[in-house]
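The values are calculated or read from the model by the stated rules, or taken from the named source; none is laboratory data. From a predicted model like this one, the values you see are computed outputs, not experimental measurements. Here Cβ is always computed from backbone atoms with ideal geometry, including for glycine, and neighbour counts include all displayed protein chains.
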Amino acid sequence: MRLLVTGGAGFIGSALVRHCLRETEYEVINLDNLSYAANLENLDAVLPNARYGFVKADIADADALQRIFASHDPDGVIHLAAESHVDRSIDGPADFIQTNIVGTFELLNAARRHWENLASTRKSRFRFLHVSTDEVFGSLGKEGYFTETTPYQPNSPYSASKASSDMLVRAWHHTYGLPVVITNCSNNYGPYQFPEKLIPTVILNGCEDKPIPVYGEGTNVRDWLHVEDHVRALLTVFERGRVGDYYNIGGRNEMRNVDLVHLLCDLLDKAQPEGKARRHRNLIEFVKDRPGHDQRYAIDASKIERDLGWVPLMNGEEGMRQTVEWYLTNRKWWSNIRARGFSGARIGLESVLSGEQGAK
């Protein structure tokens with residue numbers, strides 16, 4: 001089995017590639033355009049490997065995709081390539097439309113042409129797994145969970161672009177017969193996550209004695225899924241999921257943002273060398289909320305647990321402890337990113353500032 005993994009140098013994509021090379025016999029072709037959040041260093045631990053290949057290309061480049069499918073002849077696609085940071089989508093939504101919508105469209109076209117020309121046995125086992133997010137469902141109140149039948153109500157440019165890509169994948173299945181499966185996951189965390197996301201921001205700012213920002217009052221709730229649990233789920237769905245179906249993937253680990261930040265600060269306190277004790281909670285700053293910030297996400301993952309036998313294995317607090325230790329142990333990895341100009345400064349304030357100016 002030869003897999004084409006898009007976005008395989010990113011956070012979740014590289015975790016999937018590492019998992020495949022460690023735990024399966026699959027050949028893996030990593031297609032990535034190496035945008036700002038991609039990092040081939042994420043794969044150093046499993047390379048060199050004769051079952052791995054890398055191609056630098058943009059999923060919105062139709063000619064490049066045609067060449068890649070022809071030369072590498074994959075038996076399936078796991079599509080992870082995406083612009084994924086909500087704050088960044090507020091400042092620059094055009095990149096999200098181009099990658100998440102146009103890119104998915106071009107990838108679907110290339111996959112369809114490839115699939116239609118496969119021999120019957122390979123054609124019957126070919127799968128296109130599209131990896132999406134729970135953010136397409138919008139915001140929950142204090143109760144309830146997102147299920148596979150929850151209506152889409154995206155509230156940010158990022159989630160709107162992912163919702164659009166989900167609908168394209170659905171349409172390519174129902175119109176052209178392309179054998180697709182769609183997953184919607186909750187917030188991921190773990191090693192190698194780019195420092196702009198909440199958990200690495202808290203850890204790295206704590207390491208550098210910088211203010212730790214908490215949006216609004218910190219009452220927004222997210223369900224946290226360890227990336228290793230996620231990639232196990234993705235392979236489970238790819239191998240055994242029902243064609244044309246949706247599967248929600250969640251960690252059963254809901255936390256308010258402020259409680260998560262407190263936990264990470266306490267874990268940083270415990271990780272300090274003896275005699276260096278300080279209270280990282282003192283670095284917390286409550287800042288102006290993100291525009292359109294969804295209040296709560298919570299995933300009902302009972303379908304994948306019941307039908308495919310997958311369950312999350314990582315306990316929330318233990319997973320956070322391991323994540324803190326990884327960033328403390330791998331300072332060189334994130335220091336290199338800092339050196340490229342990613343200081344952790346806040347983005348995504350464009351509409352807030354515009355509103356303030358208009359009110360004056």
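Would you check if residue 240 is in contact with a helix residue (DSSP H, G or I) (Cβ under 6 Å, 6 or more places away or on another chain) and of a type in the set (Lys, Arg)? If you could, list the steps in order and put the result at the bottom.
Numbers: in contact with a helix residue (DSSP H, G or I) (Cβ under 6 Å, 6 or more places away or on another chain): yes; of a type in the set (Lys, Arg): yes.
Answer is yes for this residue.
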Given the conditions (1) closer than 28 Å to residue 210 by Cβ; (2) at pLDDT 95 or above, every one holds for residue 237 apart from (1)
In the range 292-318, anything modelled with pLDDT of 95 or more, outside any loop (DSSP other than H, G, I, E, B) and within 26 Å of residue 159 (Cα to Cα) is listed as 296, 299, 302, 303, 304, 305
Checked against (1) crowded, with 23+ Cβ neighbours inside 10 Å; (2) assigned to a helix (DSSP H, G or I), residue 171 satisfies every condition except (1)
In this structure, is residue 124 in a helix (DSSP H, G or I), among the hydroxyl-bearing types (Ser, Thr, Tyr) and over 20 Å from residue 6 (Cα atoms)?
yes
If you go through 89, 14, 71, the only one that is among the small types (Gly, Ala, Ser) and closer than 24 Å to residue 345 by Cα is 89
Among the residues in the range 319-332, are any touching a helix residue (DSSP H, G or I) at 6+ places or on another chain (Cβ under 7 Å), closer than 19 Å to residue 133 by Cα and surrounded by fewer than 20 Cβ atoms within 10 Å (Cβ to Cβ)? no
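In the range 198-235, which residues are outside any strand (DSSP E or B), under 17 Å from the mean Cα position of the chain (by Cα) and under 29 Å from residue 302 (Cβ atoms)?
Passing the criteria: 198, 199, 227, 228, 229, 230, 231, 232, 233, 234, 235.
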By my count, helices (runs of 4 or more DSSP H) wholly in the range 1-119 with at least 3 residues that are surrounded by 16 or more Cβ atoms within 10 Å (Cβ to Cβ) and touching a residue at least 24 places away in the same chain (Cβ under 8 Å) are 11-23, 62-72, 86-91, 104-116
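Which is in contact with a strand residue (DSSP E or B) (Cβ under 8 Å, 6 or more places away or on another chain), under 18 Å from residue 324 (Cα atoms) and surrounded by fewer than 24 Cβ atoms within 10 Å (Cβ to Cβ), of 263, 225?
Values: 225 fails: surrounded by fewer than 24 Cβ atoms within 10 Å (Cβ to Cβ).
Exactly one of 263, 225 is in contact with a strand residue (DSSP E or B) (Cβ under 8 Å, 6 or more places away or on another chain), under 18 Å from residue 324 (Cα atoms) and surrounded by fewer than 24 Cβ atoms within 10 Å (Cβ to Cβ), namely 263.
Might you let me know whether the range 283-290 holds any residue that is crowded, with 18+ Cβ neighbours inside 10 Å, of a type in the set (A, V, I, L, M, F, W, C), over 28 Å from residue 158 (Cα atoms) and in contact with a Pro (Cβ under 8 Å, 6 or more places away or on another chain)? Spell out the reasoning first.
Applying the first criterion (crowded, with 18+ Cβ neighbours inside 10 Å) to the range 283-290 yields 283-284, 290.
Filter again for of a type in the set (A, V, I, L, M, F, W, C), leaving 283-284.
Right, trim to over 28 Å from residue 158 (Cα atoms) and you get 283.
From what's left, in contact with a Pro (Cβ under 8 Å, 6 or more places away or on another chain): 283.
Yes, because at least one residue in the range 283-290 is crowded, with 18+ Cβ neighbours inside 10 Å, of a type in the set (A, V, I, L, M, F, W, C), over 28 Å from residue 158 (Cα atoms) and in contact with a Pro (Cβ under 8 Å, 6 or more places away or on another chain).
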With the first residue restricted to the range 122-142 and required to be farther than 12 Å from residue 155 by Cα and without any contact (Cβ under 8 Å) to a residue 12 or more places away in the chain, and the second required to be surrounded by 22 or more Cβ atoms within 10 Å (Cβ to Cβ) and of a type in the set (S, T, N, Q), Cβ contacts under 9 Å at 6 or more apart or on different chains are none
The condition from (1) without any contact (Cβ under 8 Å) to a residue 24 or more places away in the chain; (2) within 16 Å of residue 16 (Cα to Cα) that residue 167 misses is numbered (2)
Checked against (1) hydrophobic (A, V, I, L, M, F, W, C); (2) surrounded by fewer than 18 Cβ atoms within 10 Å (Cβ to Cβ); (3) under 24 Å from residue 320 (Cβ atoms), residue 243 satisfies every condition except (3)
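Scan the range 121-131 for residues that are within 13 Å of the chain's Cα centre (by Cα) and either of a type in the set (A, V, I, L, M) or surrounded by fewer than 22 Cβ atoms within 10 Å (Cβ to Cβ) (or both) and jot them down. Before the answer, list the steps.
As a first pass, look at the range 121-131 and keep what is within 13 Å of the chain's Cα centre (by Cα): 130-131.
If the condition is that a residue be within 13 Å of the chain's Cα centre (by Cα) and either of a type in the set (A, V, I, L, M) or surrounded by fewer than 22 Cβ atoms within 10 Å (Cβ to Cβ) (or both), then 131 is the only one that fits.
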Of the residues in the range 1-19, those that are more than 22 Å from residue 333 (Cα to Cα) and of a type in the set (A, V, I, L, M, F, W, C) come to 1, 3, 4, 5
